[in-house]
Each structure stands twice: as structure tokens, then as C-alpha cells.
Amino acid sequence: MATGEPLIVLDSVNKWYGPLHVLDDVSLSVDRGEVVVVIGPSGSGKSTLCRTINRLEPINSGTITFDGQELPAEGRALAKLRSEVGMVFQSFNLFAHKTILENVTLGPIKVRGEKPAAARERGLALLDRVGIANQADKFPAQLSGGQQQRVAIARALAMQPKAMLFDEPTSALDPEMVGEVLDVMTSLAREGMTMVVVTHEMGFARHAANRVIFMADGKLVEDAAPTDFFANPRSERARDFLSKILTH
Ligand SMILES: Nc1ncnc2c1ncn2[C@@H]1O[C@H](COP(=O)(O)OP(=O)(O)OP(=O)(O)O)[C@@H](O)[C@H]1O
Ligand SMILES: [Mg+2]
């Protein structure tokens, strides 16, 4: 459901960790409503790329704009950016001592100043949407990994983000729970959420992504429609990577 209006734009972004050139002249534009899957070998810079987009990591040169504005470095503008860019990590990072519903309502109440009753109502609707409304009063440790990850998605959505970043959201899950999380992500994609998704779930990439980005050594090596990428990867690196992940 790409709209042709850029929402996330990286222009010649460079980042070093000491001598390590972890993002090497990366340029990428993600349109509103577009779903971009990022793949590549371990250490290629996929997580770093995600973390620069909501400025969990600063960059050394180049520019990143979100919804027409260059990323703010600090203060209220940065807090606003973080609320507009939801992030879901491999580890669910839920608040262990808060209930499921409190995990989802805390941000809206504390950061966005929503009234508790309204936040609870919206929180319950979001939990329902990710299929776990009946777990609202439990604590994270009482839920399966797949359920916890769906709470993490609901929590990010509760901030009414303009985009969602997912960094290997299913990698820590037992295989039987991967599908329930991917289903939620697929329905979000269909509803038009702008998404950047680091994942090795190639089924999701084929069916839900508008584009696949292949990274290696901090460089954006390929940027193609999923059908083209899987049928005909242009680079040796991508062919080699695909042969490894598709054969196990
Ligand atoms: N805080 C840090 N300080 C120093 N080096 C780092 C830091 N974070 C990441 N790196 C290095 O930067 C490179 C890219 O890391 P990144 O986590 O972005 O890779 P990735 O593609 O997400 O890998 P994986 O598939 O294993 O998650 C790696 O070589 C990593 O060791
Ligand atoms: Mg990573």
C-alpha cells in the first residue's frame, strides 16, 4: 500500500563504531504505507539501521528525515519522534511488574497525557486486535513468548505511531509461536502501517513486503521487489546469503 509520499528518508548516512564503518553511505526512502524487509548476514548493520531511525543511535554524517523533519537530537522533539516511531525488539522488553494492560496504557497516560479510562479502553481494544484481550490482568511472565511479543506490538501501537520498526521480532520465539506474531504483523501491513522489518522470515518478506533490502558490511547492496529479489538476486553476496538461509 505504498503511497509515493516519503515518510522515512536516509540520505548518505554514515556511522562508525570506532574504526568499524557500520553504516556505509546508506540511502533509503520508505514511503508512507510501505513495508520494507531488511535482511543480511549477522553484523551487516541491520539493527544499527533501525536504531538510527528513532535516534537510539546518532549518525556521523548524512541526514535522516522522518515525516519531512530532520531527526531531533534531544528534548521534547526527540520524545515526540520516539512516540511516532514504534519499535519492537527480539526481546520483548515488557515491564515485568506491570500487568499486560498497564504495559499498554503506561505510555499513552504518561507520555501523551491520555485520561486513564480512555487509555484503558483503547488498550483493551489493541489487546483484542492482537488476540490477547483475555490476558489483560496477567503479568508478562505468565504469558508465552508469542503472547508477550504481541503485547509489545500492542504497546507500540498504543502510542499511535506513524511507523513501526521491528528488529527480528520472532527470532527469540519457539517455532510454534512465530506464526501468531507474523499474522499480527501481516494484518498491520495490510492496514497500511509503514513498517521496516528486520527478519529472516522469508515467507513474510514474500507475502507482506513491498521491498526487500539486502545489507552486507554496512552497505545497502540490493533494494528490490520481493519477487525480483528472490527469483533473481543480483549480487553474489545476496545469492550466497539466500542459499544459506533457504536450505535449512
Ligand atoms: N554499541 C556498539 N559498539 C561497537 N560496535 C557495535 C555496537 N553495536 C553494534 N556494533 C557492531 O556493529 C556491527 C553491526 O551491528 P548490528 O547489530 O547492526 O548488526 P546486525 O546486522 O543487526 O547483526 P545480527 O544479524 O547479528 O543482529 C557489528 O559488527 C557489531 O559488532
Ligand atoms: Mg541485529
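The values are calculated or read from the model by the stated rules, or taken from the named source; none is laboratory data. Computed from a predicted model, the values in this text were never measured in an experiment. Because the Cβ atoms are built from the backbone with ideal geometry, glycine has one as well, and the counts that use them run over all protein chains shown.
Each residue in the stretch 198-234 was checked for being in a loop (DSSP other than H, G, I, E, B), modelled with pLDDT under 95 and over 23 Å from PHE89 (Cβ atoms), and 3 of them qualify. Filtering the stretch 7-36 to residues that are surrounded by fewer than 16 Cβ atoms within 10 Å (Cβ to Cβ) and more than 14 Å from ligand 1 (Cβ to nearest atom) leaves ASP11, SER12, ASP25, SER27, SER29.
Looking across the stretch 150-178, the residues that are farther than 21 Å from ASN54 by Cα and in a loop (DSSP other than H, G, I, E, B) come down to SER171, ALA172, LEU173, ASP174. When we screen SER29, SER47, SER91, SER42 for residues that are without any contact (Cβ under 8 Å) to a residue 40 or more places away in the chain and within 16 Å of ligand 2 (Cβ to nearest atom), the only hit is SER42.
Rundown of residues vs (1) touching a helix residue (DSSP H, G or I) at 6+ places or on another chain (Cβ under 8 Å); (2) among the aromatic types (Phe, Trp, Tyr), yes/no style:
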{"site": "LEU23", "(1), (2)": "yes, no"}
{"site": "VAL38", "(1), (2)": "yes, no"}
{"site": "THR63", "(1), (2)": "no, no"}
{"site": "PHE66", "(1), (2)": "yes, yes"}
{"site": "GLU70", "(1), (2)": "no, no"}
{"site": "GLY86", "(1), (2)": "yes, no"}
{"site": "ASN93", "(1), (2)": "yes, no"}
{"site": "ILE100", "(1), (2)": "yes, no"}
{"site": "GLY123", "(1), (2)": "yes, no"}
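ALA172 passes every criterion in (1) in contact with a strand residue (DSSP E or B) (Cβ under 9 Å, 6 or more places away or on another chain); (2) in contact (Cβ under 8 Å) with a residue 24 or more places away in the chain apart from (1).
In this structure, ARG190 does not qualify as surrounded by fewer than 16 Cβ atoms within 10 Å (Cβ to Cβ) and either within 20 Å of PHE241 (Cβ to Cβ) or within 16 Å of ligand 2 (Cβ to nearest atom) (or both). Output the residues belonging to the stretch 133-149 that are under 13 Å from HIS97 (Cα atoms) and assigned to a helix (DSSP H, G or I). Selection gives PRO140, ALA141, GLN142.
For residues in the stretch 37-64 being β-branched (Val, Ile, Thr) and away from ligand 1 (no atom under 15 Å from the Cβ), which is farthest from MET202 (Cα to Cα)? If we take residues in the stretch 37-64 being β-branched (Val, Ile, Thr) and away from ligand 1 (no atom under 15 Å from the Cβ), then THR63 is farthest from MET202 (Cα to Cα).
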